[in-house]
Every structure is written in C-alpha cells, then in structure tokens.
1. Hey, does region 778-796 have a residue that's in contact with a Pro (Cβ under 9 Å, 6 or more places away or on another chain) and either at positive phi or not polar (S, T, N, Q) (or both)?
2. Go through region 606-628 and report how many residues are under 28 Å from the mean Cα position of the chain (by Cα) and polar (S, T, N, Q).
3. Could you list, in sequence order, the residues of region 405-427 that are of a type outside the set (D, E, K, R), surrounded by 13 or more Cβ atoms within 10 Å (Cβ to Cβ) and within 14 Å of Leu365 (Cα to Cα)?
4. List pairs: first in region 179-199 and closer than 20 Å to Ala233 by Cα, second in a loop (DSSP other than H, G, I, E, B) and of a type in the set (Val, Ile, Thr), Cβ under 8 Å, 6+ apart or cross-chain?
5. Show me the strands (runs of 3 or more DSSP E) entirely contained within region 742-829 in which 1 or more residues are within 16 Å of ligand 2 (Cβ to nearest atom) and modelled with pLDDT of 80 or more.
6. I need a count of the residues in region 582-620 that are in contact with a strand residue (DSSP E or B) (Cβ under 9 Å, 6 or more places away or on another chain), open to solvent by 50 Å² or more (accessible area, probe 1.4 Å) and away from ligand 1 (no atom under 12 Å from the Cβ).
7. If we scan region 309-325, do we find a residue that is under 27 Å from Arg570 (Cα atoms) and touching a Lys or Arg at 6+ places or on another chain (Cβ under 8 Å)?
8. Of all residues in region 678-704, how many are at pLDDT below 80, in a helix (DSSP H, G or I) and under 20 Å from Tyr731 (Cα atoms)?
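The values are calculated or read from the model by the stated rules, or taken from the named source; none is laboratory data. Note that the coordinates shown come from a computational prediction; the quantities given were computed from them, not determined experimentally. Cβ atoms come from the backbone with ideal geometry, glycine included; neighbour counts cover every protein chain shown. Please note that ligands, DNA and RNA were not included when accessible areas were found on the heavy atoms of the full protein model with its side chains. Shrake-Rupley method; radii C 1.70, N 1.55, O 1.52, S 1.80 Å.
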Amino acid sequence: MTEATGIVGEFFSLKEGTDAELLAMQCGDFYEFFGEDAEFVSDELDLKVSQKSSHGSSYPMAGVPVDDLTPYLKALVERGYRVAVADQYETDDGHAREIVRVVTPGTLLETTEADAQYLATIVETDGNGRSAADYGLAFADVTTGRFLVADAEDLDEALTELYRFDPVELLPGPDVRTDDDLLDAVRERTDATMTLHETEAFAPKRAGHAVRDQFGRETVDRLGVGESAIAAAGAILSYVEESGTGVLASMTRIQTHQGDDHVTLDATTQRNLELTETMHGDGDGSLFETIDHTETSAGARLLKEWLQRPRRSVEVLETRRESVAALSSSALARDEIRETLGDAYDLARLASKASHGSADARDLLAARETLAVLPEVVETVGSDPELADSPLTDVVDRPDGAAADELRERLEEAIAPEPPSTVTQGGLFQYGYDDELDEVIDRHEELTEWFDTLADREKRQYGLAHVTVDRNKTDGYYVQVGKSAADGVPDHYEEIKTLKNSKRFTTDELEEKEREMLRLEERRGDLEYELFEALREDVAARAELLQDVGRTLATVDALASLATHAAENRWVAPELHRGDRLEIEQGRHPVVEQTTEFVPNDVGMTDDQQFLVVTGPNMSGKSTYMRQVACIVLLAQVGSFVPAKRAEIGLVDGIFTRVGALDELAQGRSTFMVEMSELSNILHTATEESLVILDEVGRGTATYDGISIAWAATEYLHNEVGAKTLFATHYHELTGLAENLPRVANVHVAADERDGDVTFLRTVRDGPTDRSYGIHVADLAGVPGPVVDRARDVLDRLREEKAIEAKGGSSEPVQTVFDVSSGQFRGPANADGGEPPEAGETNESIDPEAKDVLEDLESIDVNETPPVELITKVQKWQRRLEE
Ligand code: ADP
Ligand code: MG
C-alpha cells in the first residue's frame, strides 16, 4: 500500500510515523480516514465508505466534516482507541499535512463524562532503590489539571490505588511492561487503555527535571515520595506534552496522594510522644518499651511498626482489636501461645539468609523449629472457644499449613540434631537422608571405630602399657607409648618423635588407614556440602512460605503482647468510628501510669467543640494530659486497647504535635525557627480529620510575639483547618479565644491553693484557670524569699494594670511597659488597656530631700521675690539636689 501517492500516500506515511491506532487527516473541509482505518471507523461509527483511487489502485475512504470531528473523536477515544489528528496547512506549492495531536483516553479534553478521567503511570522501583516503596504511581486528570503522586509499598497497594482511581489510560513503566503477571493483574482491575510511552521519559533524572520545570524547584523534596513516583510523574508530563493538547499549563499543583488508610505521624510527633525513644534518646520509658511484651524479635519489630504506622481502616483495626480482646480474656491460652512462641526464630531473616546462600545448617534447624511452632499455635487457637471464634483464626490459617508441614518434615529428616556451624566439613545430615552419603558415613564410622580401639588392640597384642592413639596436624595419626614401655615396641613400629615422657610411632597399616580416613573425610565434606547447597536452595525457593509463617507468628506475638498489656493494666477496648467525636472517660497516660499514682481525666470533643485551650499552673499536668489524648488515639489506631474506663474514638488521618521551643531548648534540640517551621508544616498539612497537639507554642520568643502567633494559629486551625486541637498554654490571655470562636472551649488543670501553698490536683476541669502559678513553683523550688515576694508584687501590679488586653482576632494586643528603673508602669500613648499612672503616684518614690526642694519651688511666688534672692534660692536647691 505504501506505493500509493498523493493524498493516500501522504496518509500512509503519516500513519507510519505515529503509534496511534487511527489517523484522521484533514483534506479541505473534511477529516478523512483511509484504508483499514476507513473500514474500521465506518463499522464503529456508522460512516459511509467510498473509494478513492490512487496510482491505479482504489482505497476505502471515510470522512467527517471538519466541524464535526469532536464527537467522532470522542466516541473512538472513549472506546479505548488512540487517534492521531493531522491538520492541513498551506505551503508555497499547495497543501501539506502534519500530525498536531494524538488524542487518547487520558488526554481527551472534550469528554462529557462527569467522572474524573485519570491518566496514570505505574513504575516499579528497581532492586537497589533507596525507597521503601516497591512502586511509584502518578495520576493526572487533564480535564481538571489535578495531579497526584503516590508511593505504593507493595503490589497490593499499587493495585488498590489503580482500582480506586480507575484510570482511563495507563502508561506502564519500563519494568512493568515486561511483567506479564503484573499486567494481567492490572487489566483485571481497570479497563484502562495501555499505552507504551517512550522509556527515556521514565529516566529518573529526566523525570525529576520535568517535574521541577512544571511545578517548581522545591517540589521534588516537598512531595516526599520515592524516585519511582517522580519518574511516574515526569513520564505523564512528557506524554501530555507530546499529545499536543496544550493542557500542560493547566497543571499547576502537584500533591502527594495518601491512601485512605494512611495516618500521618511525622518524626517530630513520634519524638514528642516518645513512641520508640524518650526525649533523652533512651528506649527505656518509651511507649513501645512500655507496652512491648513480645516473645520474638519479629514480633517486637512488627509491634513497633504498628505503632509507627497507625491505620484508619475501621475493618483492619476492629480485626486486630477483636483478636486482642479474645486473647486478653483467655489468659491460659494466651500464656500457652506466648510460651510456644518463645521457641520461634526470625523466619523472615532466615528466609533471606537462605536466599543469599549464607544460611548454615543451624539456620535451617532454626527454620525447622520455628515451622513447628505454627501448628502448635493453630492447635491452641482452635481449642479455645473464644480464640477459635475470633479473627485470630484467620490470622493463623493464612499461611499454607500443609506446605509448611512438608518443609518442616523435609528439614527434620535432613539436618542432624546438633550440626556444626561450618558447612564444608560434614556432620550436617541425619543418617538415612542420602544413600551415597550413608555409605560414606558407614565407612567413616567403621574407620573411626578402628582408630578408637587401636590402642587397646596394641596393648593386648604386644603387652604394652601406657599406649594411646591420637592425631594432630603435623604428625597425623600416631601411637604414643610411655617412656618406660617404649623399648618394648615391636619391630614394625617406626619412631617419629621423642617427647619428654613418651615416644610416638607409626606403622604402615596406620599410615594406610590414615590416607583412607583423609579421603573419606574429604569425600564426606564435599558430598554433604553439595547436598546442603541443594537443600538450602530448596528452602530459598520457599522463602515466601517462610515469610508468611514468620509474619503470622509475628502477628500473633504482637497481638498477644497487646492483650497481655491490656489485661495487666485494665485497659479497655475503644469504640471506633469515622465521625468527629472523641470522648475519653477517665483516660490515663500509658507510660506515666506505670510509675505514678495517676489521676485519670476525661476528654470530650464533639462536632461543636473541637478545640480545647488547656491552661493551668506550670507542672500541673497540661503536657501529660495532651500527650495522653494523643497516645490513646494512636493506640486505638494501632488496634490496641487503651488506658481509660471508656473511649469512643473518631479515627483521625494524622496526629501532629509541636512543643514550644523553650521546652525543647532545654533539651538542646530546637530553635524558634524550627518551632515555627514545624508549626507551618502543621498548618499546611493537617486536615479537618487530624488531631493537633500544640504545647506552649509561641513560647520560644518574647511574650507578645508568642501570644500573637499562638492567637493567629488558633484562629487559623479553628477557621480554616478545622482539626481537632488541644492547645496548652501558659498565656492566660488565650482563654479569651473561647468567647469569639464557637468551637473553642477552655479547660484547665486544677490546683489547690491554701496558705500560699499549691497542691496539684491533676484534675482537668472545664473553664480557664484564673491565674498563673509560676511564682509558687519558683517558691517551691527555693528561689530566695525577697525575689518571690517582689515577683508577687510585680504580678499583682501587672494584673491591676491589665497589661495586656487581647481582643478577638482582629485587634493588636495592647502593651503596657514595666519600667524597670522606676518600678513603675508606663502606658502606651494611646492605651485603651492600661491607664497612664497618676501624678501623685509618681512622687511616691522620690527621696525626701528632692521632695522638699520641689515643695519649696512650688511655694515660691516669682513676682514677689527679688531676682538676687531667686538666684540664691536656685543655687541652694541645686546644692541640695547634688547632695
Ligand atoms: P505541665 O505541662 O502543666 O507543666 P506536665 O504535664 O509536664 O505539666 O506534668 C508535670 C508532672 O506531673 C509530671 O511529672 C507528670 O508525671 C505529673 N503528672 C501529670 N499529670 C498527672 C496525672 N494525671 N496524674 C499523676 N501525675 C501527673
Ligand atoms: Mg508542659
């Protein structure tokens, strides 16, 4: 057909240059399809086919008027075809045509579908990737400009996201397109048209450039996704650009997509909540250490992972919680399971050692012993009615039990009970494992027996005393005879060494047996090594099974650990829901309750009360109260029971905490700049479904700065973000916020003050505190009496003067200045808060001499006094003042 000339020839040569399935080429007032394309579209779209002759042949032709192209294009593309459109333009000698765009399902702008129309990419992370995610994904909707990137930890998650976004077109990355299993799995989940976009577009460097060019220099770092997600995003950008739709400009914002089940828990929050280590960097005293009762290292690892990666899916959490519930009430079965787990080794690690070829016989023995744990656990779960009825049954049934038994039996038959740690010198296998090996072992043992009994035989036969047979590196096997008997040895004994008290001999027979022994040993070592390698490869081939079993045992271990802690500490099962309500009755801090007589406290957050300003004296328990709330929510979202009498938890999509720089500065860790950038991050990232804990934020700067920042942040969180928030502050002024912002309420940690002493009650009550108790703490701490008294004095005056009056969000706080040199207050020029001090008050602190002078000055009548006398008086005053 390529020999066609003219219009038809032009059509075919354009068609050859595009990978689109169909080509619509403009010829004057029509877009025409030729050849097979014409027949195809006439079938699909009911177009009339005519014949066009060229170069003596005739070609089918179908066309649509230029103005009507869109609906036809749309119909073809929505059926999953990619259509190239070639427009006609004028040249000096007539017309020429050029492909101006390729319309594909993911780049079709003219869609009338209401659904988002995602163009997606999936890129597999290569083996040496630094990223924890196996896949990177990107989704772009050209009709709206929405652009998202995501990491997918494993294939399951990647497929789930693909299913969720339901893209109309998918660009598989270079590794993905050759993976038939994966492509089949993808096809099962979406009807997306698969398009093979050029491989170079997926190259990390080039993709990174494309993303930065499009969305700004900082983008790549800000997104916090792996290299493959960036590659995916870059490939989409290049594809959209090449499609010629000109919509690249509409893509202005790129965001990281977090799966539905994702809960944000940044590093700062993990540290503030002392999840895995305390503020001082110790593991001891962390939440993890407190609740960890696991029996195995894999179980401990998993429990830690759960704490660091809380979940939001009610199903996932309820499954865990139900298992914990069953395990916590079946104490006997739980103890039995935990004892059984004590015999388990780290199967995941053993599996990877087998795969690397570094596992020795002891490792395989450990694998065997651990595989034997599974049926025991299954048995215990099955025979306890409550456990049998819980989701724990599904957990323990997940791995292929039969396959696990088979592998265990195979290892049982193979590995010797106490194998050596080297794999090259034999002794690894059980007798009966391999016939050829058995023969070698038989011969080896016979010979060993021969050597073992030789000394006795020689004694008897030649009447020798003090005979031993032994072996060493230099002499090989030898017969050693004591000095006293050495002269009586038979003639065929050949002396090889004289020692202080004995002589060493060899014989021809001994040497021959020794050679045989060495041959046998070598043979046995080689043979066993060969067999062992084969066995190890077999085990490596079942790595997935080992991992399954390992994961199951770890899961049971982690669940049993949660159950143990719940049972021993009277924790309760939280009620979980997707709403906003957060109600905790008599909650406790999971770590502090271990070492303290803890005073339980309630929390109540509802739709119309989502922001609590927590005030109270220093050291009264504000920080503890807020952390306790965060820990309880976190534990609930791990699937654990919680330290409370009752808890109803609206699941959150993230927990954010920030502790004021001053508290952190004490640990030498933070600056005010860090405090503010973390506050900024919270204000950007938190959503209305998040839990935000702000502890003395704004404290790292001057008072009025701090109050202003805290004030504005509160308004923003309340009005714009709408997150559930607890804000502890010693700025008493902030309690005024509750009057202006409907969802803000005050609570305070109560303290009892009697005879100038403060008792901390640790009880949280409604309403604001009426004052700061900092001075009492100073007193308790032994600050000298005069300083404490003076501080009380200053505080009283500050209160009287109403030093600060914060009004709503709009007006600036008004500041009254405390003049250190005079000990007085000076009001600002236009103060509406503090009154300027009265004249009489000013005189109080002037010394009596000056006062006299002033009185004198006041009483003098200038008109009645002669000038000379005035001069004398002034000189006298000056002298007195100078004194
Ligand atoms: P604040 O943040 O108000 O200065 P903290 O939360 O740091 O106070 O608590 C001060 C001390 O009181 C800590 O040692 C803490 O262990 C203890 N504490 C706090 N809350 C309670 C409580 N509910 N029951 C018992 N002790 C508590
Ligand atoms: Mg505090």
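1. No, because not a single residue in region 778-796 is in contact with a Pro (Cβ under 9 Å, 6 or more places away or on another chain) and either at positive phi or not polar (S, T, N, Q) (or both).
2. 4
3. Of everything in region 405-427, those that are of a type outside the set (D, E, K, R), surrounded by 13 or more Cβ atoms within 10 Å (Cβ to Cβ) and within 14 Å of Leu365 (Cα to Cα) turn out to be Leu407, Leu411, Ala414, Ile415, Ala416, Pro419, Pro420, Thr422, Val423, Gly427.
4. Ala192/Val168; Thr193/Thr104; Thr193/Val168; Thr195/Thr104
5. 744-754, 757-766
6. 3
7. Yes.
8. Of the residues in region 678-704, 2 are at pLDDT below 80, in a helix (DSSP H, G or I) and under 20 Å from Tyr731 (Cα atoms).
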